[in-house]
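The values are calculated or read from the model by the stated rules, or taken from the named source; none is laboratory data. Remember, it's a predicted structure, so these values are computed and weren't measured experimentally. Counting neighbours? That spans all protein chains shown, and the Cβs are built from the backbone with ideal geometry, glycine included. Side chains included, ligands, DNA and RNA excluded: accessible areas come from the protein's heavy atoms. Shrake-Rupley method; radii C 1.70, N 1.55, O 1.52, S 1.80 Å.
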Amino acid sequence: MINFLRQGLSPQKLALTIALGIVLGVFPILGVTTVLCAIAAVVFKLNLPAIQLVNYFVSPLQLILLIPHVRAGELLFNEPPLSLDVVQIIALIQTNGVGAANELWSTAFHAVVAWMIIGLPLVVVLYAILVPLLVRRGSQTTVTEQ
């Protein structure tokens, strides 16, 4: 299975697949990571099943990091913290649907900007760490197989 996912990928492409799968997989808007990873796979000519596997593997991290991304966006844009109480959000939607949509849209936008500021350098760092590991792993696999 792992060989199938690595098939045709250089260590550099595999490192980029993993790095992008991790960072795109924690995108702070639920339901779009599969599309983002598919687009990245096409644009960078990466293995689509491999990037989606990484994306699905880190999906619990997306949920864990959702609130930190929201809070980072609030700090970045100097916004007051949004109440994340479900009852209050539902009440806001019922009393002022347009206002609630604007506030939630603004919060999501701020979270995405915070994710970009953190995520883009993280791709570079992960790539720099993974390439030597995968090159070494590839040379060990070649020696072991002979």
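Exposure check, 1.4 Å probe, all protein chains in place: E79 carries approximately 90 Å² of accessible surface. Measuring nothing but protein heavy atoms, the accessible surface of the chain at 1.4 Å probe radius is 73 percent carbon and sulfur. Note on F77 and I90: their simple-model spin labels are 2.6 nm apart, each label 7 Å out from Cα toward Cβ. The V135 and L63 beta-carbon pair, evaluated with R₀ = 41 Å, returns a calculated FRET efficiency of approximately 0.80. What's the angle, to the nearest 10 degrees (0 to 90), between helix 86-95's Cα axis and the longest principal axis of the chain? In the chain, helix 86-95 runs at an angle near 50 degrees to the longest axis. Only Lys, Arg, Asp and Glu carry charge here, each on its Cβ (+1 for the first two, -1 for the last two); on that basis the chain has a dipole of about 660 debye about its Cα centre. Across the protein chains, with a 1.4 Å probe defining accessible surface, the residues R137, R71 rank R137, R71 from largest area downward.
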